[in-house]
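Here's the structure, in structure tokens; my notes come after.
We did not get these values from a lab; they are worked out from the coordinates using the rules stated. Since we're looking at a predicted model, the values are computed, not measured. A quick note on method: Cβ atoms are made from the backbone with ideal geometry, for glycine too, and the neighbour counts reach across all protein chains shown.
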Amino acid sequence: MSQRVGTDDFDEAVLGSKVPVLVDFYSDTCVPCKRLAPRLAKLEAELGSALLVAKVNVEYDLPLAERYKVVASPTLLLFKDSREIDRHQGVMAPEELKDFVEKAL
């Protein structure tokens, strides 16, 4: 299950992770974010412990969104070995989402 992270625990949970991390910067009022959520859950279930999915609510953690220059929701950031390796803004089809994270696995 996705892990909600915020300003206080982002560095430990995401940058300190031993496995690649897909971070979903989302908003509760964002319709595309709601469309993306079940796709992320399915991907997470398929990949198991090979990938951590973390969620950052930009309404509550605006400083974190600003730190990573997130200007729209949803924005996905892919981290591996403590660094951002890719990002995507907007909704992706399930196949595109899987291809997007494959580069970190």
Query raised in the report: If the chain between SER2 and ALA45 were fully stretched, how many nm would it gain, using 0.36 nm times the residue separation less the Cα-Cα distance?
Result: 14.5 nm
Query raised in the report: With a Cα-only, solvent-free Debye model of the chain, what are the log10 I(q)/I(0) values at q = 0.11, 0.14, 0.18, 0.23 Å⁻¹?
Result: -0.27, -0.45, -0.79, -1.38
Report task. Please state the charge dipole magnitude for region 3-102, taken about the Cα centre, from unit charges on C-beta atoms (+1 on K and R, -1 on D and E), reported in debye and rounded to the nearest 20. Result -> 180 debye
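So for region 8-97, if I pair up every lysine 8 or more residues apart or on another chain, how many of those pairs have alpha-carbons under 15 Å apart? Present the calculation step by step, with values, prior to reporting the outcome.
Values: LYS18/LYS80; LYS34/LYS42; LYS34/LYS55; LYS42/LYS55.
So the count of such lysine pairs works out to 4.
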Requested in this report: Work from the charge dipole of region 3-102 (Cβ charges, +1 for Lys and Arg, -1 for Asp and Glu, about the Cα centre) and give the residue of MET92, VAL56, ALA45 farthest towards its positive end.
Outcome: MET92
Requested in this report: Evaluate region 1-51: find the radius of gyration of its Cα atoms, find its Kirkwood radius, and give the ratio Rg to Rh.
Outcome: 0.98
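Once you list every other residue whose beta carbon is under 11 Å from the beta carbon of VAL56, what net charge do they have if Lys and Arg are +1 and Asp and Glu are -1? Can you show the working numbers first?
Working: positive: ARG4, LYS55, ARG67; negative: ASP9, ASP24, GLU59, ASP61.
Local net charge: -1.
Fully extended, how many nm does the chain gain between SER82 and GLU95 (0.36 nm per residue separation, minus their Cα-Cα distance)?
Working: separation 13, 0.36 × 13 = 4.68 nm, distance 2.53 nm.
Extra length available between SER82 and GLU95 comes to 2.1 nm.
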